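Bear in mind these aren't lab numbers, they're just calculated from the coordinates by the rules spelled out. No experiment lies behind these values; they were computed from the predicted model shown. Ideal geometry is used to build each Cβ from the backbone, glycine not excepted, and the neighbour counts take in all protein chains shown.
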Amino acid sequence: MSKTPYYITTAIAYTSGKPHIGNNYEIVLADAIARFKRKEGYDVFFQTGTDEHGQKIELKAQDAGVSCKEFVDDVAGVIQGLCDQLNISYDKFIRTTDDYHEKQVQKIFKRLYDQGDIYKSSYEGLYCTPCESFWTESQLVEGKCPDCGREVKPASEEAYFFKMSKYADKLIKHINEHPEFIQPVSRKNEMMNNFLLPGLTDLCVSRTSFKWGIPVDFDDKHVVYVWLDALTNYITGIGYDADGNSTEQYKKLWPADLHLIGKDIIRFHTIYWPIFLMALGEPLPKQVFGHPWLLQGDGKMSKSKGNVIYADDLIDFFGVDAVRYFVLHEMPFENDGTITWELMVERLNSDLANTLGNLVNRTISMSNKYFGGVVADKGVEDAAIDEDLKAVIIGTLDKVQTKMADLKVADALTEIFAIFKRCNKYIDETEPWVLAKDEARADRLATVMYNLVEGITIGASLLQPFMPETAEKIVAQLNAEIREFEALKKFGLRENNVKVTETPEILFARLKVEEIVEKAEAMYAARRAETEAPAEEAPAEDVIDIAAKEEIEYGDFAKLQFQVGEIIACEAVPKSKKLLCSQVKIGSQVRQIVSGIKAHYTPEEMVGKKVMVLVNLKPATLAGVLSEGMLLCAEDAEGNLALMTPEKKMPAGAEIC
């Protein structure tokens, strides 16, 4: 019988630099889902890869003194290497510089142009030079650029546009008729209410201001803009052909079962991508899941400080499976998760070293001590205790499958670890060391040890998609094998009189928080020493006079609520040249604030800063991202910005008055 195909993809990583652990979370999540689906019997095809075109890469290559292709080759190698280090079982690693992809993108662009979905026009609007962005009058804020607040001037630029509104009603209908299409539901509501229902404007799909992109083959002044290029990887990678000669693999796998992406790019995958597919006459993916972010929660990490957490750092400190466990376990279904060195150590010690590792070690050690390693079921049971143990263990598969069907991976892991916790409790209940003192109870002791080995084997088999190396190590020490899912509904499949290993391997050694933090700080110090340039004497500062505004009453000022905020996470707003999106801790709350300061700060530099926040500014949507306040900056005569920060140490939430 042929297996049911299951096609899963991640967003392809942008090759502007090495991704941090927050970026790598997505690929681990996708891998766990792919492995789990394989265990369920699906014929899985798992695709990931790299997005390699765009102006940002062109500029970075220029700064590095290399060609664009040399630059992306290097970064793509780093990204694929991290995937391999994290034990990612991808079936295809696509690069948007692959010849077959570039040729199909050109064919897709031409087809959409020929059928009237793409047309040539120009930006007609108000242009902000620093942001390189066009705006309509209605998009301006107090007559100025909504991104950076500077003056705008009338201008135009030639470009090709896609008629988004032509397919908007059809997409709205599809979303309403397929409630599972966009997950979680909060993401669906955001797309409908903020973008689709208010009405779509036509989308620019070509650029002339840079060259590092796929050329529009019938108009070589233009290159295909990144979203039409990048999004089509999901079909070009499996053999789509715009001329109608798609491969059998494409016909087998499309539509995708799951696009797994970050919540920050949900709009592109649930509005632009479906509309492109509709124009091509292709079915839409079955589900798009916009997962939350894994934030570096201690508020102290930035590239400028040399202390960003990368996946290979964590692997060096804790091992691959500990990293996989942490990022999967710490991510809620909808809300953002947090990672710190301290939290990693806590989870490793409590969950991995104690609950799991100690259980395996104790069970093998007792089996060797009492029976020379021979495990046999003698059938002597304590009905109440043993039946409860077995019920928990054999009932776990259904619970895990239910959680995984809803993509609640963290909850699925919690259900699996309930097996190991129940086995630990079983040891406390049965007290094997007491049974061993009474020779007449030897058969009862043997049954207890058998039940423990059997329970751990079932737990390890469930754990395999999430922590594959650990699961294999466990069953190897038990002289068992990873079981297929169907066999996990039965207890007692282990043959009698099979020995466990003589010397158990320590799966996870307990660590000391202070030693790990000290080691991390030493690593960061070494990085800073490599990158820091000698300090230059600061020149004398000029003064600036600005035009005075109308005087206000104190009551006007009193309406404004200023507080100290701490930036705990920051990301660039996709495809915006000016905007950064910061998660700002203010007291016990965290607010999302979008600021036009990308030219002056990197996201990594922002994290950890204490800043001045206008808290009671009415929320607004900038470039499709909700902003719930304003960060205050100073600006010099050349337009350079500096965040306003407190002179002395102040807690997040302190009132500024």
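For the chain, what is the mean residue ellipticity at 222 nm derived from helices alone (per DSSP H run of n ≥ 4: -39500 (n - 2.57); sum divided by total residues; nearest 500 deg cm²/dmol)?
Helices in the chain give a 222 nm mean residue ellipticity of -11500 deg cm²/dmol.
Please compute, over every Cα-Cα pair in region 554-656, the percentage with a separation greater than 17 angstrom.
Here the tail beyond 17 Å accounts for 50 percent of pairs.
Please report, in debye to the nearest 20, how large the charge dipole of region 316-499 is about its Cα centre when each Lys and Arg carries +1 at its beta carbon and each Asp and Glu carries -1 there.
Value, rounded to 20: 440 debye.
Specify whether the C-alpha gyration tensor of region 343-389 places it in the rounded, prolate or oblate class, a ≥ b ≥ c being the square roots of the eigenvalues: rounded for a/c under 1.5, otherwise prolate if a/b is larger than b/c and oblate if not.
Verdict is oblate for region 343-389.
Set Lys and Arg Cβ to +1 and Asp and Glu Cβ to -1, take the dipole of the chain about its Cα centre, and tell me which of MET344, PHE318, ALA410 lies farthest positive.
Going by the charge dipole, the pick is ALA410.
I'd like the distance separating the alpha-carbon centroids of region 31-67 and region 581-602, in whole Å.
27 Å
Out of every Cα-Cα pair in the chain, what percent are more than 41 Å apart?
When all Cα pairs of the chain are counted, 37 percent exceed 41 Å.
Could you give the DSSP H helices of the chain that reach 30 angstrom or more along their long axis (alpha carbon positions) and whose average Kyte-Doolittle hydropathy is no lower than -0.5?
Correct list, ordered by number: 409-430, 442-463.
May I ask for log10 I(q)/I(0) of region 385-493 at q = 0.13, 0.18 Å⁻¹, from a Debye sum over the Cα atoms as equal point scatterers with solvent left out?
-0.49, -0.87
Taking amide H positions as placed 1.01 Å from N in the peptide plane, with prolines and chain starts having none, which residues 5 or more places from CYS204, or on another chain, fall under 5 Å of its amide H?
The list, which skips near neighbours in sequence, is PHE162.
Given Cβ point charges of +1 (Lys, Arg) and -1 (Asp, Glu) and nothing else, what value in debye, to the nearest 20, does the dipole of region 554-656 about its Cα centre take?
Value, rounded to 20: 260 debye.
Which of the aspartates and glutamates could a cross-linker span from LYS166 if the Cα-Cα distance has to be under 12 Å and same-chain partners fewer than 8 positions apart are dropped?
Answer for LYS166, where 12 Å is the Cα cut-off: ASP117, ASP202, listed by chain and number.
So how compact is region 111-247: Cα radius of gyration and Dmax in angstrom?
17.6, 53
Stokes-Einstein diffusion coefficient for region 1-135 at 25 °C in a medium of 0.890 mPa s, Rh from the Kirkwood formula over Cα pairs: what value in µm²/s?
Roughly 139 µm²/s, to the nearest whole number.
Quick one: Karplus J couplings for region 252-267, per residue in order, coefficients 6.51, -1.76, 1.60, θ = phi - 60°, nearest Hz, x for Gly and Pro?
After applying 6.51 cos²θ - 1.76 cosθ + 1.60, I find 6, 9, 8, x, 4, 6, 8, 9, 9, 9, x, 4, 6, 10, 5, 4 Hz.
Farthest toward the dipole's positive end in the chain, which of SER67, ASN361, ALA159, given Cβ charges of +1 (Lys, Arg) and -1 (Asp, Glu) about the Cα centre?
ASN361
With Rg and the Kirkwood Rh both taken from Cα atoms, where does Rg over Rh land for region 316-499?
Using Cα coordinates only, the ratio equals 0.99.
Out of residues 5 or more away from LEU86 or on other chains, whose amide H comes under 5 Å of its own, with H placed 1.01 Å from N in the peptide plane?
none
Provide, as a two-decimal number, the C-alpha radius of gyration of region 308-417 over 2.2 N^0.38 Å, N being how many residues it has.
After normalising by residue count via 2.2 N^0.38 Å, the value is 1.35.
What is the Cα centroid distance between region 205-273 and region 80-112, reported in whole angstrom?
10 Å
Among all the lysines, which ones have a C-alpha under 17 Å from LYS473's C-alpha, if same-chain residues fewer than 8 places away are not counted?
Leaving aside lysines fewer than 8 places away in the same chain, those within reach of LYS473 are LYS499.
Rounded, prolate or oblate: which fits region 434-499 when a ≥ b ≥ c are the square roots of the eigenvalues of the alpha-carbon gyration tensor, with rounded for a/c under 1.5 and prolate only if a/b beats b/c?
Verdict is prolate for region 434-499.
Looking at the chain, send over the antiparallel percent of its DSSP beta bridges, to the nearest 5.
70 percent
Considering only THR645, VAL611, GLN592, whose Cα is most displaced toward the positive end of the charge dipole of region 554-656, charges sitting on Cβ of Lys, Arg (+1) and Asp, Glu (-1)?
GLN592
Near the amide H of SER627, under 5 Å away, which other amide H atoms are found, from residues 5 or more places off or on another chain, if H is placed in the peptide plane?
ALA620, THR621, LEU622
Sorting check: for 111-120, 97-106, which peptide has the highest mean count of neighbouring beta carbons within 10 Å, and how do the rest follow?
The peptides rank, most packed first, as 97-106, 111-120.
Remind me, relative contact order of the chain in percent, using alpha carbon pairs under 8 angstrom and six or more residues apart?
Taking the mean separation of contacting Cα pairs over the length of the chain, I get 13 percent.
If you place +1 on the Cβ of every Lys and Arg and -1 on the Cβ of every Asp and Glu, how big does the dipole about the Cα centre of the chain come out, in debye to the nearest 20?
Roughly 1380 debye, rounded to the nearest 20.
Can you work out ³J(HN,Hα) from phi for every residue in region 190-196, in order, using Karplus 6.51 cos²θ - 1.76 cosθ + 1.60 and θ = phi - 60°, giving whole Hz and x for Gly and Pro?
Here the 3J(HN,Hα) series is 5, 5, 5, 6, 8, 10, 6 Hz.
To one decimal place, what Kirkwood hydrodynamic radius in Å is obtained for region 153-212 from all pairs of distinct Cα atoms?
Mean inverse Cα-Cα distance, inverted, gives 13.8 Å.
How far is the Cα center of region 343-386 from the Cα center of region 414-458, in Å?
7 Å
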